[in-house]
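Here's the structure, in structure tokens; my notes come after.
The values are calculated or read from the model by the stated rules, or taken from the named source; none is laboratory data. Quantities reported herein were computed from a predicted structural model and do not represent experimental measurements. Here the Cβ positions follow ideal geometry from the backbone for every residue, glycine too, while neighbour counts run over all protein chains shown. When the accessible area is computed, the model is the full protein with side chains, heavy atoms only, and any ligands, DNA or RNA have been set aside. Shrake-Rupley method; radii C 1.70, N 1.55, O 1.52, S 1.80 Å.
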Amino acid sequence: MDVVVDCTIYPVTVEVAHTRSRKGVSPVIAATGRTDADIIALAADCDDQGVSGMLVPNFSVVRSS
């Protein structure tokens, strides 16, 4: 399985996700700002190609003292 991890900014990250998922690559998107319509369209692309995808709004690590 091929996977792409994209940590760019919105709306670039949406285009990367669509482009990759349409080629059968599972997108892991690590950016905020996407709309409900973006999520629905990406889910449809992934379903059409039979790949999984992840929308991860925050990859940061928080330390507590």
Open item on the list: Need the failing condition index for Val61 against (1) in a loop (DSSP other than H, G, I, E, B); (2) in contact with a strand residue (DSSP E or B) (Cβ under 6 Å, 6 or more places away or on another chain); (3) within 21 Å of Ile9 (Cβ to Cβ); (4) of a type in the set (A, V, I, L, M), just the number.
Closed with: (2)
TODO: State the number of residues belonging to the stretch 24-47 that are in contact (Cβ under 8 Å) with a residue 12 or more places away in the chain, out of contact with any Gly (no Cβ under 9 Å at 6 or more places or on another chain) and either open to solvent by 30 Å² or more (accessible area, probe 1.4 Å) or acidic (Asp, Glu) (or both).
DONE: 6
- [ ] Identify all residues within the stretch 48-65 that are over 22 Å from Met1 (Cβ atoms) and buried (at least 18 other Cβ atoms within 10 Å of the Cβ); write none if there are none.
- [x] none
TODO: Could you identify the single residue in Val4, Val14 that is in a helix (DSSP H, G or I) and on the phi < 0 side of the Ramachandran plot?
DONE: Val14
Task: Single residue of Ala31, Ala17 found to be within 9 Å of the chain's Cα centre (by Cα) and within 21 Å of Met1 (Cβ to Cβ) - done: Ala17
